[in-house]
Amino acid sequence: MKTMTEIGIMGGTFNPMHIRELAVAQFALEQHGLAKVIFVPNGTPPHKKVDVLDRESRFEMVKAGVRDNPLFEASRIEIDRPGITWTIDTLKQLKEQLGDNVRLNFICGEDVIDNLVRYERRAEFLGLARLLISPRSSEDAQKALITWRETLPEAQIELIDCPPSGISSTLVRKWIRAGKSIRYVVPAAVAEVIERKGHYKEVVPADTSTDAASGHRSYFVTSMKVGGRRRPLSG
């Protein structure tokens, strides 16, 4: 019997990427035997129309943020795909690309549980990936895990033991505009890109490009503060 290779998947807007996201990915990798973690920045998310950089700028920051870790990888799978992009389609495409000998591990926050409970394609989704959940609080996390497994008995669910943090992309943008240092809050390489490109000095206007207006939208459920708010799984 062949040993399965465990691959982590972390999606999000990454607007910008910050150290909390990298910490969760690293803890997931170490605690659950992952061979690597693939970061999947989304395209033009409909739920965040204002103050979101274009997809190429966000991908550049993600690529910079993961480049010093050989077990982290930035994927263009949702950046390059036209049309509406759903999480389940991304997982299916990754599964096809990586092969049957790979198990996907979807790194997310606990809000994804509520999303999946109401999701009509839940069984199909949960057949594609194990859920690795970073809870909001480490207190009573084991009790919460029992409840989540009872709520989604068909799911494979494990915890990521990572200290809670108030760091968020919203906070980073706020600090930049207040003239505060973001050193040690984002990776040094991300800070360099932000400084060099002048990102976030002002609120980013809504994307009114043809691509966005025509329906190029990306949905990826990464519902912890690490990766963003709750998002639809599919249509």
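Bear in mind that the values in this text are calculations on the coordinates, not laboratory data. The structure presented is a predicted model; accordingly, all values stated were derived computationally and were not measured. Glycine also receives a Cβ, built like all others from the backbone with ideal geometry; neighbour counts cover every protein chain displayed.
Counting charges near E124 (Lys, Arg +1; Asp, Glu -1) among other residues having Cβ under 15 Å from its Cβ returns a value of +2. Judged by the ratio a/c of the largest to the smallest principal axis of the C-alpha gyration tensor, the range 7-100 counts as oblate, that ratio being 1.5 or greater while a/b is no larger than b/c.
A DSSP coil position with no more than 11 other Cβ atoms inside 10 Å describes the following GluC sites (Glu not before Pro) in the range 99-166: E120, E139, E154.
Taking Cα centre as origin and charging only the Cβ of basic (Lys, Arg, +1) and acidic (Asp, Glu, -1) residues, the dipole magnitude of the range 12-112 rounds to 80 debye. Rounded to 0.05, the FRET efficiency of the T147 and E120 pair, given R0 = 22 Å and the Cβ-Cβ distance, is 0.50. Modelled spin labels at E202 and H32, positioned 7 Å past Cα toward Cβ, are 4.2 nm from each other. Within the shell defined by Cβ-Cβ distances under 12 Å, the residues around G33 carry a net charge of 0, with Lys and Arg each +1 and Asp and Glu each -1.
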